[in-house]
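A short write-up of the structure that comes next.
The values are calculated or read from the model by the stated rules, or taken from the named source; none is laboratory data. In this text, all values refer to a predicted model and were calculated from it rather than measured experimentally. Don't worry about glycine lacking a Cβ; one is built from the backbone with ideal geometry, like all the others, and counts go over all protein chains shown. Heads up: the accessible areas ignore ligands, DNA and RNA and are worked out on the full protein's heavy atoms, side chains in. Shrake-Rupley method; radii C 1.70, N 1.55, O 1.52, S 1.80 Å.
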Amino acid sequence: MPLTKDNSRLERRFRDLLNHRTPEIPAETLQAFVAPFFHQRDLYTGVVQRHGSPLYLQALDILRARARRFKAAFQTELPKVA
């Protein structure tokens, strides 16, 4: 596919994003995120014992919320995809 003006602009934006240094997450934020999973560790270890590992569990409400956020983030740049 030949590079068009739009593709060149997207390529530059993606390159800029990849070269951007990700800031560290504050310890309090990370702990708040991890705590619910830690508190449900018996549930997760039980499922792994029954079904083996690797095992991927997904919460449908979280998956849908993240899909909406992903769509909103890229909708202006990729309207046909979003």
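Only one entry of 24, 11 meets the criterion of being out of contact with any strand residue (DSSP E or B) (no Cβ under 7 Å at 6 or more places or on another chain), open to solvent by less than 90 Å² (accessible area, probe 1.4 Å) and acidic (Asp, Glu), and that entry is 11.
Inspect region 46-61 for any residue being farther than 26 Å from residue 6 by Cα, basic (Lys, Arg) and out of contact with any Cys (no Cβ under 6 Å at 6 or more places or on another chain) and give the result as yes or no. Yes - at least one qualifying residue is present in region 46-61. Within region 39-82, the set of residues being surrounded by fewer than 10 Cβ atoms within 10 Å (Cβ to Cβ) and among the aromatic types (Phe, Trp, Tyr) comprises just one member, 56.
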